[in-house]
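To keep things clear, I will list the structure first and then write my remarks on it.
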Amino acid sequence: MSHPKHNILHAVEIETTRVSTKRQRPVAFLGNKHLTSNAIVLTIGLVGLGLALHIKRTMDFNETGFLGTTAVVLPDDNTSMFVPMVCAVIVGVGIISRFSRTATSRSNGGNEPPVLGSPIPFVGHLIGMLRWQVGYMQMLSAKCQSWPAFTLRIFSSRVYVICDPSLIQAAYRNAKAFDFGSFVVESSERLFNISQEGMKIIRGETAPGYDPNGPFLNGNNGDSFLNEDHRIMVDALSPGPALGDLNRAVLDRVAGSLNGMSSNGEKVGLYRWMRDIITTASAEAIYGPQNPFSADQGLVDALWDFEGDMTLLMLQFLPTFIAPKAYRGRAAIRDAFAQYYIDGHDKGASSLIRSHVASCKKWGFGDDDIANFEVSTLFLATTNTVSTSFWLLSYILSDPSLLAEIRAEVETVVTRKKSETTGEECAFVDATLFQSYCPLLVSTFHETLRFVGAATSVRSVVASTTLTSPTSQVSYSLSSPAVIQLPSGITHSSTSIWGPDADVFNPARFLTSTKASLDKETRRKQAQGYFPFGGGKHLCPGRHFATTEILSFVAAIILGFEVEGSKVPERAFQKLGTGVRKPVGDVQVNIIRRNGWENVWWGFDLRGNGEDSDSSE
Ligand code: HEM
């Protein structure tokens with residue numbers, strides 16, 4: 001990809017191979033004064049930002065020499081990502097500094113994960129993250145494959161990276177020591193433009209039991225808005241009537257889009273086409289028929305503009321200048337939802353939104369902040385679902401025998417009948433039967449998530465603790481404050497977990513019969529090392545909704561349509577904050593109705609009333 005000797009950044013890649021198991025001495029001149037280290041981070045960050053902006057304005061990426069070299073260093077289609085990369089790292093390091101400050105003052109007696117050194121003091125790993133973003137942790141772990149965990153030092157801060165599947169699951173179980181709430185608070189402030197009054201509520205400062213010197217109310221089960229909102233989200237998205245309503249609404253809208261397809265075929269960019277359908281359908285399911293997206297399709301672009309550069313918004317630095325599209329996208333969505341609430345359209349929203357809004361009002365949020373929240377809900381509901389749907393469909397279409405087998409499976413969950421009212425031929429896909437009748441489709445779905453899903457769970461270490469693997473007896477002392485990272489990109493691609501074909505897409509990998517052929521230890525490692533939806537208390541509550549939506553949408557396309565010109569594109573460079581990788585560019589296809597399914601009206605059944613086909617438990 002890049003020519004090493006041309007760039008100083010390559011030195012980081014080489015030198016990180018020289019890993020050090022020695023404990024590093026505290027950095028004397030930085031001491032434990034986080035203000036000093038934050039100031040240095042900020043200075044370097046701002047210099048980097050200035051440089052990045054300068055380069056962005058002046059460079060011609062097609063030329064050679066310094067500028068050409070830089071272009072080579074930025075992989076795939078990411079030549080426009082240099083500024084986001086710089087800013088993402090600044091924000092990341094700022095956050096790391098905040099959550100792990102004074103770490104060097106509290107070393108834990110020698111049993112913490114070994115330090116993975118960098119030859120560039122203080123900033124080596126910062127530069128590595130800048131260069132490689134999410135892939136950086138995978139790159140580091142490849143250099144020390146036998147290590148269950150390692151420690152990164154950035155200035156006086158510690159980041160623990162956990163690679164061993166049983167340790168990862170042990171970390172997920174310990175929500176008391178490893179907290180997520182502080183990151184939610186941080187991103188609400190930086191990303192969603194919540195007012196200062198709203199931030200007090202989010203930080204728990206207005207809660208009845210608030211004590212500035214007492215326990216963190218957002219931690220664990222404290223009486224706080226964040227905890228209440230989390231419970232609302234989990235309740236509404238767990239199997240039951242509320243989820244059944246959401247599933248029905250989203251699939252009705254998906255069916256509407258399929259039924260609107262021209263019988264002569266439609267030429268579309270496949271990723272974009274799926275993105276637009278899923279975004280519109282999700283908005284309708286969550287916010288009801290009078291959701292702003294139904295009236296203004298431009299909001300779909302606004303949401304994805306926000307998604308594309310949201311890391312830059314976290315910087316809270318000249319947003320209209322460095323991330324104008326993301327800034328405008330966020331503003332457009334906020335304005336549209338402010339009007340939606342003024343008009344009372346939320347009366348027709350899902351019970352998820354109605355409960356959420358009631359809770360917001362109870363805790364004292366103003367109307368502006370309630371509208372500010374919506375971009376976050378829509379982002380979570382679509383960002384990973386769209387990419388997963390696209391990859392699942394692309395992989396199935398790329399293999400004719402896989403396509404034929406999955407078509408045969410899907411046909412068993414489809415009922416064709418004449419509509420009693422219109423007399424038209426209808427095909428109903430029962431979205432509750434995939435698990436029982438479509439094992440290869442479900443296995444391919446999980447393999448897709450293993451292959452393109454590389455989310456990193458991040459927690460703040462709020463209490464010094466010992467992390468012990470119940471199976472391997474490996475044990476580490478983790479100091480507080482620090483940040484702990486659980487990168488699924490490492491375990492999802494590990495040959496010691498998946499075997500020598502870990503980097504091959506194997507649709508049959510998650511079949512019961514395939515798993516039964518493995519020894520018990522491998523089965524355990526695979527079960528613990530596969531976590532596309534995170535884990536523990538913050539395991540993705542939307543996983544059931546997403547699974548039903550993705551399988552149903554892809555199943556209907558597979559059965560009812562030919563997709564001409566499809567291919568599996570390259571996986572794009574993975575920016576910080578992305579869970580599922582995106583494709584490089586789009587794939588131009590022609591979607592036409594299949595022989596025998598030309599005049600069919602599509603519909604979806606949920607006979608299980610909210611039970612979905614999810615097997616990710
Ligand atoms: C394929 C689709 C999806 C994937 C791969 C995915 C993945 C994830 C991951 C990795 C996390 C972080 C968990 C952790 O750190 O332990 C997460 C959190 C979350 N996801 Fe999803 N997600 C998907 C779809 C959805 C959908 C459709 C919704 C909403 C309808 C949703 C709502 C959420 C929420 C609210 C959280 C935060 C949970 C918390 O704070 O406890 N996700 N998701």
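Any read-out appearing in this document is the output of simple, stated calculations on the displayed coordinates, not a laboratory observation. If you're wondering where the values come from, they're calculated on a predicted model, not measured in any experiment. Backbone-built Cβ (ideal geometry, glycine too); neighbour counts: all protein chains shown.
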Exercise. For residue 369, which of the numbered conditions (1) crowded, with 19+ Cβ neighbours inside 10 Å; (2) within 16 Å of the ligand (Cβ to nearest atom) fails to hold?
Worked result: (2)
Exercise. From 551, 559, 511, which residue is within 16 Å of the ligand (Cβ to nearest atom), in contact with a helix residue (DSSP H, G or I) (Cβ under 8 Å, 6 or more places away or on another chain) and hydrophobic (A, V, I, L, M, F, W, C)?
Worked result: 551
Seminar exercise, completed: Scanning the range 444-456 for residues that are buried (at least 24 other Cβ atoms within 10 Å of the Cβ) and within 10 Å of the ligand (Cβ to nearest atom), the one farthest from the chain's Cα centre (by Cα) turns out to be 445
For this session: Search the range 178-203 for residues being outside any helix (DSSP H, G or I), more than 15 Å from the ligand (Cβ to nearest atom) and not β-branched (Val, Ile, Thr), and hand back the single one that is nearest to the chain's Cα centre (by Cα).
Result: 193
Exercise. Which one of the conditions (1) part of a helix (DSSP H, G or I); (2) touching a Cys at 6+ places or on another chain (Cβ under 9 Å) does residue 150 fail to meet, given that it meets all the rest?
Worked result: (1)
Exercise. Taking the range 251-288, which residues are out of contact with any strand residue (DSSP E or B) (no Cβ under 7 Å at 6 or more places or on another chain) and aromatic (Phe, Trp, Tyr)?
Worked result: 273, 287
Exercise. Has the range 409-431 got at least one residue that is assigned to a strand (DSSP E or B), surrounded by fewer than 23 Cβ atoms within 10 Å (Cβ to Cβ) and within 29 Å of the chain's Cα centre (by Cα)?
Worked result: yes
For this session: Could you tell me which numbered condition residue 451 fails, if it satisfies all but one of (1) in a strand (DSSP E or B); (2) in contact (Cβ under 8 Å) with a residue 24 or more places away in the chain; (3) not hydroxyl-bearing (Ser, Thr, Tyr)?
Result: (1)
Problem set entry | Complete set of residues in the range 499-543 that are under 20 Å from the mean Cα position of the chain (by Cα) and closer than 18 Å to residue 387 by Cβ | 530, 531, 532, 533, 534, 540, 542, 543
For this session: Please verify whether the range 511-521 includes one or more residues that are buried (at least 19 other Cβ atoms within 10 Å of the Cβ) and not β-branched (Val, Ile, Thr).
Result: no
Exercise. Is it the case that some residue within the range 513-529 is without any contact (Cβ under 8 Å) to a residue 60 or more places away in the chain, β-branched (Val, Ile, Thr) and either more than 27 Å from residue 278 (Cβ to Cβ) or in contact with a Leu (Cβ under 6 Å, 6 or more places away or on another chain) (or both)?
Worked result: yes
Problem set entry | Residue ID - nearest to residue 125 (Cα to Cα), chosen from residues in the range 153-177 that are in contact with a Leu (Cβ under 6 Å, 6 or more places away or on another chain) and part of a strand (DSSP E or B) | 154
Problem set entry | Filtered residue count, the range 514-548, keeping only those that are more than 8 Å from the ligand (Cβ to nearest atom), more than 25 Å from residue 432 (Cα to Cα) and of a type in the set (Lys, Arg) | 4
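Here is a list: 472, 460. Which entry is touching a strand residue (DSSP E or B) at 6+ places or on another chain (Cβ under 8 Å) and more than 30 Å from residue 245 (Cβ to Cβ)?
Within the list 472, 460, the selection yields 460.
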For this session: Would you check if residue 463 is more than 16 Å from the ligand (Cβ to nearest atom) and in contact (Cβ under 8 Å) with a residue 12 or more places away in the chain?
Result: yes
Problem set entry | Candidates 177, 170 - the one that is surrounded by fewer than 24 Cβ atoms within 10 Å (Cβ to Cβ), farther than 30 Å from residue 316 by Cα and not polar (S, T, N, Q) | 170
